[in-house]
Each structure stands twice: as C-alpha cells, then as structure tokens.
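Provided herewith is a single structure, encoded as structure tokens, for subsequent inquiry.
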Amino acid sequence: MSSSNLTYDPNWQEKHRSMIATPEQAVARIRPGQRIFIGTGCAEPLRLVSALTKRAAELPDTEIVHLLTYGEAPYAHKEMTQYFRVNSFFIAENVRGIIQEGLGDYTPIHLSDIPRLFNSGQLPLDVALIQVTPPDERGLCSLGISVDIVKSAAENASLVIAQVNPNMPRTHGDSVLHVYDLDILVPVDDPLVEVPPPEVTEETRQIAENIAALVEDGSTIEVGIGRIPQALFGFLKDKKDLGIHTEMISDRIIELVQSGAVTGMRKSLDRGQIVTSFCLGTRKLYDFVNNNPMFAFHPTEYVNDPYIISRQHKMVAINVALEVDLTGQVCADSIGTRFFSGVGGQVDFGRGAAKAHRGKAIIAMPSTAKNGTVSRIVTRLSPGAGVVTTRAGVNYVVTEYGVAYLHGKSIQERALALICIAHPKFRAQLLREAIEAKYLAASMAEVEGKILVAPKEQRSTYVLEDGTQINFRPIHPTDEPRMRDLFYALSQQTIYYRFMSHKRWVKRTEIQEFVYVDHRNEVTIVGTLPEAHGEDIIAVGSYYLDPKTNLAEVAFVVHDKWQNRGIGTYLLRYLGRIARRNGIRGFTAEVLLDNKPMQAVFAKSNFKLTTRFSGNVISYEMEFE
C-alpha cells in the first residue's frame, strides 16, 4: 500500500474520538510480564516511553525490545533494571552501559531476519509503542522516518499504541498503516528526535576518498551508520547517475541529491527512487523527505533482503568494522567480550553486493584505535571478539592507507594486503606475527621495513587512441603474483631486450626487487587494466637512484600485445615527473643496439640526451631540462 498525497484529515480526532487517550491512559493498558516493542531511531515515541517508565514499579518482569533508539532511554537506567529487561537488536549509546554490565541483553541477528521473528511467533510481541502521522482522509497514517522493523512490529503486536504527531513527515513507499490497525491514538505536537551529522576528521576524509575511488558512475550505494560512510558523501558529488538503496539515510543525502550526482536513473530496481527504511538526521532532512516522491521508505524485509540487493547492478555496500584479522575475519559488534553495536545490515548488504553484477562489498575502518595506540588490523582478533563477516565473505577492506582486495585471495595474499594498509608503525610487528602464525613464509622476514605505501599523487591515467584507459599507479607489495603473470606472458624477445639475457623463469627475489621499493630512491610504476578479478598489469616502469650522481637508472617493459601504442613513451614521461618532484637530476639507461623501439622512446623524451656506445649496448644519460 502506498502512502497518500492527501493532507491530514482535519477532523481526525473527532472522527476517532473513541481511540484517543493520554499517554498515561494508554500505557495503563500494559500488564506486568509483557514484551513491549519501542519504535526505532529518531521516531522513538518519547511521551509514551516517559509514561511507561513512570509505571515501572507496577510492571515487573517486563521485556523491552528495540532495534536502536536515539532519544532518551529512561527504561535503561540502572535503577530500572529491576523492572525492565532491555533486549536490543542493535546497541546504541543510550543502552550500551547496562548491556556491557550484563544488566541488559543483546540479540545478534541479521537485520533482514528480525521481521521473521515477529511474524513467526518466535518472538511474540504484546505491545508496540510507535509514532505516526495523523491519518489522512482515507484513514492512512504514515510511519514517516522509521519504517524499518516498526511496520512488522505493529502488524504483529497484540496492542498497538501510536503517538500521533503532525511533525512526523509523511513518506512515500510501503510506509503506511490504516488507523484501524492501531488500537490507541495518543495525540502530541512535539519535535522529533534529531541526530546531527558526525564531524568529519582528516582520517575519515582520507578513508572516504579511498572508498570513493571504488564507486563507479551508475553505482547504487548503501552506507551504514558511522563517521566514515557519512564522510563518503562529500566525495561523490562529481559522480554521475548514482542510485541509493540503503537501510539508513542522514542529512548528507541532501547535498548529494542537490549536486545532481544522485538520480537513480541507472538502477535496475526502483529506478529513480532513493530506497531506505529509516532516517537518522535533523529537521532539515525530515522536511526534505516529507511527501517527496524521490524517496521510498520500505520495511527491512525488502530493503535488507540480500536477494533484492543482489539484483541491483553495480551495488556498492559500505559498512564499518572495529577490528579485522590478517585472514580477513571482520569484527563489527564487540570490543573483545564487550558488546558495542550490532550485526545490523552488514552481512545482508555484504552478501547482496558481492552477488550483484559488478557489485562491491566494502568494509571500512581507521587503521588504529585509542588515539593511535593500537592497530585495528591484527594478527588475531581480541579474545571474545565476534565475527560478523567471515573470512570467506569479505571483499574489500579500506583504511586511510589504502584498499585491500581479499576476495578469492590466499591467506598469504590477504595477510600481506592487510599489512600494507595498516598504520606504518604496526606493519613490522604484524609482519613478524604473520610469519610466526605461518600465514607468511619465513623468507618474508627479509622485507621487514620495506612495506611502504606510495603517495596517492603518483597515480595517473592514459587513454589510448582506441579509447582504452590504462591506469598507472605505484607498485604495491600485493602485486607480486601479477608481476609474475606479466613476466611469463612476455615473448622471449621482449624479455631479452629488458633483461639483456634469455630468462626462462624468474626468481621470487627478483620480483620482490620490483615490488618492495621506497617510492623515492626506488620507484616502480605499473600500468593496469581493470578486470573482473581486480586488475591485470600490462606495463612496468622503474627507476633506481644512484645517490653519488643523483641520476637514476630507468627501465621499463610493456606486454607484447600492448607495444607500439605509446605506453612506453608515457611511462618515461610519467617517471620523469616523479623523479623531478623527488629532486633527481636525470635518468641513465642501457639499451641493446637492436632494440630500436626503446631507442625511439628515448629520442622523443625532450630530455637532454648524451649517448655512448660499448659493443652492442648504447648507454644513455638523460638530464631533465
């Protein structure tokens, strides 16, 4: 049933006089030992909650169930635990204290599964305390900014008490209940709870920028709760035709819509609509979604259904974690044995996005916690930590230091990728622990101190005449297998020109010489093409500085299939820019006499060239102008 565009019925109180009660009269119907559901987030019915709490002494052994609430939670005060037992599906700050003390309870569950608990009778509800708009002339009340599990709770509770508030926005979608599906109406005219957007720090800004690089034009995105997902919106304004399918929206959605980045026109489901189930925001957001047909509020069983999510092409799910171990296990709901938040929709959206056509499931977090004193990337999860996303279910992990792609990767590849995006001061320790845990070979001890991440300024793109875009970036320690693949794909002639010898195989230590560089004295740039499994390396360029002369030896190789397309010329120019920025005077190179293509590249370089012949080798010295 869709919400109505009609205005509120001005005579609704007269028409439904027999259903109207004060908050105190309404909660007087509640009996000891019952299970009470309280509406979600910023739609928490505060007047009803206050009246309920005042009756606490008359309601022993009462269970209070909710998803998360952002208003006051007087029923969760320590002195109330003798009457009320809180059972939360997600832990907000207002109940975290009593749950961590063992005075309240937490039910870990995928958000998409909660309505089934109510529908099946596994968790029967005696009472639902909710908040709605006044009914329109057809008797339809909108659940407004919180549809999520509230709709299911109201449909399954034996007694539904609704706080009726004209300040509640009327939202479109599957967001209405008929007034006769409610049992008691409690008129109020109160402001809704507001949650201002969290402040964006430099750390969260960098993480968001790394995530934004993974979001293609035409993607549909989901963002979870927290600073990082909200910071992301600031980096998406230049994207085109983004769609939104997410359990929760905040004020930051407004600027993204107004920038024109969000149109939803390339969504494969719910085209042109922003699909969500609840708001955590301010009055500015509530006014923006009010009667706005661009927004469709649906229950959790639709929004969080992994099958529905998987049908969105280019679905990108962004969720946060507290800790990730080197095998890829993600802890998101507890700090050790202390429960902190909840499972929420992370697995729903992670599985859905991973199954979607060209979808991406992203886990994001700062690299450290406790003011930089502990690493969030760890060899082993803290004792008691809960695994929300398993090592088999993780795709991307993002910190302020970069992106680790783990799907389909071995334990050794995962450990190395995660060490590379850990905070630099913890990388050596993580490397040693990974070797002790047998995640990495003992020979990897030789690279301790060499796991460095290049500055993002060293990234570039080059478009060939046929429109193919080559991405150039600094080499990364996880490129070792891709470098090996490139070597064995080269013809013997190309290998001979590059290494001046006929090599049939390559030692791992030789590959590591390319991979483990300091990005100043030694620089290696790779040219890559995106593939379904990540990317393929088709070109490599390197320079090695001789500090005595301040000249760097330069060399590069291009896959045979991509030769004579201008890639070598671009690589030389690109490496020259980096070398200049690092204060290097110029390049040297040695080229075989019959390697005419490489000689042509140097001839076109615009560098000041000096050549010297020795047998079948030409020695070049190239000073930058």
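Among V557, W505, L592, whose Cα lies farthest out toward the positive end of the dipole of the range 456-623, if unit charges sit on the beta carbon of Lys, Arg (+1) and Asp, Glu (-1)?
L592
Determine the sum of side-chain charges near D325: Lys and Arg each +1, Asp and Glu each -1, restricted to other residues whose C-beta is under 11 angstrom from that of D325.
That works out to +2.
Next question, about the same structure. Positive end of the charge dipole of the chain (Lys, Arg +1 and Asp, Glu -1 on Cβ, about the Cα centre): tell me which of F90, L103, I578 has its Cα farthest that way.
The residue sitting farthest along the positive end of the dipole is I578.
Further, regarding this structure: Determine, for each peptide in 21-34, 161-174, the mean count of other beta carbons within 10 angstrom over its residues, then list the peptides with the highest first.
Taking the mean over residues of other Cβ atoms within 10 Å, the ranking is 161-174, 21-34.
Taking the Cα centroid of the range 390-446 and of the range 197-258, what is the distance between the two, rounded to the nearest whole Å?
26 Å
OK, next. Quick one: which residues, 5+ away or cross-chain, put their amide H under 5 Å from the amide H of S268? H built at 1.01 Å from N.
H313
Further, regarding this structure: Dipole of the chain (Lys/Arg Cβ +1, Asp/Glu Cβ -1, origin at the Cα centre): which of F514, P115, A213 lies farthest to the positive side?
Value: F514.
Straight-line reach from K604: which lysines have Cα under 18 Å away, leaving out those fewer than 8 places along the same chain?
K596
Restricting to Cα pairs below 8 Å that are 6+ residues apart, what does the relative contact order work out to for the range 379-462? Please round to a whole percent.
Reported as a whole number, the value is 21 percent.
Mind checking the dipole of the range 456-623: about its Cα centre, +1 per Lys or Arg Cβ, -1 per Asp or Glu Cβ, Debye to the nearest 20?
Its charge dipole is roughly 340 debye.
Spelling out what I want: for every residue of the range 10-18, take phi, set θ = phi - 60°, compute 6.51 cos²θ - 1.76 cosθ + 1.60 (Karplus), and round to whole Hz; glycine and proline get x.
Going residue by residue, I get x, 9, 4, 5, 5, 5, 10, 3, 5 Hz, with x marking Gly and Pro.
Let me know the whole percent of all Cα-Cα pairs from the range 202-447 that are separated by more than 24 Å.
Beyond 24 Å sits 45 percent of the P(r) for the range 202-447.
Let me ask something additional. Which of the lysines could a cross-linker bridge to K284, judged by Cα under 22 Å and excluding same-chain residues fewer than eight apart?
Answer for K284, where 22 Å is the Cα cut-off: K237, listed by chain and number.
Relative contact order, percent, of the range 202-447 when contacts are C-alpha pairs under 8 Å separated by at least 6 residues?
17 percent
Which order do the peptides 511-522, 81-92 come out in when sorted by mean C-beta neighbours inside 10 angstrom, highest first?
Output ranking for 511-522, 81-92: 81-92, 511-522.
Could you tell me whether the range 435-532 comes out rounded, prolate or oblate from its Cα gyration tensor? Rule is a ≥ b ≥ c as square roots of the eigenvalues, rounded for a/c under 1.5, then prolate if a/b exceeds b/c, otherwise oblate.
Oblate shape, in that a/c is at least 1.5 and b/c is the bigger or equal ratio.
If the limit is 29 Å between Cα atoms, which of K450/K548; K355/K438; K314/K507; K267/K370; K355/K409 go over it?
K355/K438; K314/K507; K267/K370
So, one more: If Lys and Arg each add +1 and Asp and Glu each add -1, what is the summed charge of the other residues whose beta carbon sits under 11 Å from the beta carbon of Q34?
Net of charged neighbours comes to 0.
With the cut-off at 33 Å, report for the chain the share of all Cα pairs above it, as a whole percent.
For the chain, the fraction of Cα-Cα distances above 33 Å is 53 percent.
Only four residue types carry charge here, +1 at the Cβ of Lys and Arg and -1 at the Cβ of Asp and Glu. Report the dipole size of the range 1-79 about the Cα centre in Debye, rounded to the nearest 20.
So the magnitude is around 160 debye.
Right, another one. Taking a ≥ b ≥ c as the square roots of the Cα gyration tensor eigenvalues, with a/c under 1.5 meaning rounded and otherwise prolate when a/b beats b/c, else oblate, which class fits the range 508-577?
Oblate shape, in that a/c is at least 1.5 and b/c is the bigger or equal ratio.
Here's something else I'd like to know. For K151, which aspartates and glutamates qualify as cross-link partners when the Cα separation must be under 16 Å and same-chain residues fewer than eight apart are set aside?
Filter leaves E44, D113, D126, D174, D181, D183, E247, E301, D305.
What is the pair-distance distribution P(r) of the range 351-477, computed from all Cα-Cα distances in 10 Å bins starting at 0, with each bin given as a whole percent?
Taking all Cα pairs of the range 351-477, the binned fractions are 11, 37, 35, 14, 3, 0 percent.
For R391, what is the net charge nearby, where nearby means another residue's Cβ is under 15 Å from its Cβ and Lys, Arg count +1, Asp, Glu -1?
+1
Rounded to the nearest 20 Debye, what is the dipole magnitude of the chain about its Cα centre when Lys and Arg each give +1 and Asp and Glu each give -1 at the C-beta?
Taking the Cα centre of the chain as origin, the dipole is about 1800 debye.
Here's something else I'd like to know. Could you compute how fast the range 91-219 diffuses translationally, taking Rh as the Kirkwood radius over C-alpha pairs and applying Stokes-Einstein at 20 °C with viscosity 1.002 mPa s? Give it in µm² per second.
Diffusion coefficient, whole number: 121 µm²/s.
Let me ask another. Among DSSP bridges having both ends in the chain, what percentage is antiparallel? Round to the nearest 5.
Roughly 50 percent of the beta bridges in the chain run antiparallel, per DSSP.
Starting from the amide H of G281, placed 1.01 Å from N in the peptide plane, find each other amide H under 5 Å away whose residue is 5 or more places distant or on another chain.
Sorted by chain and number, the residues that satisfy this are V195.
Pull out a ≥ b ≥ c, the square roots of the eigenvalues of the alpha-carbon gyration tensor of the range 456-623, then state rounded if a/c is under 1.5, prolate if not and a/b is larger than b/c, and oblate in the remaining case.
rounded
Turning to a different aspect of this structure: In percent, how large is the relative contact order of the range 456-623, given Cα pairs closer than 8 Å and 6 or more residues apart?
Answer for the range 456-623 is 17 percent.
How about the range 534-607: which trypsin sites (Lys or Arg not before Pro) there are in a DSSP loop, with at most 16 other Cβ atoms within 10 Å of their Cβ?
Here the trypsin sites (Lys or Arg not before Pro) that fit, given the DSSP loop and packing criteria, are K548, R585, K604.
No lab work stands behind these numbers, since they all come straight from the coordinates. Every value quoted in this text rests on a predicted model; they were computed, and no experiment measured them. Cβ: placed from backbone, ideal geometry, glycine included. Neighbour counts: every protein chain shown.
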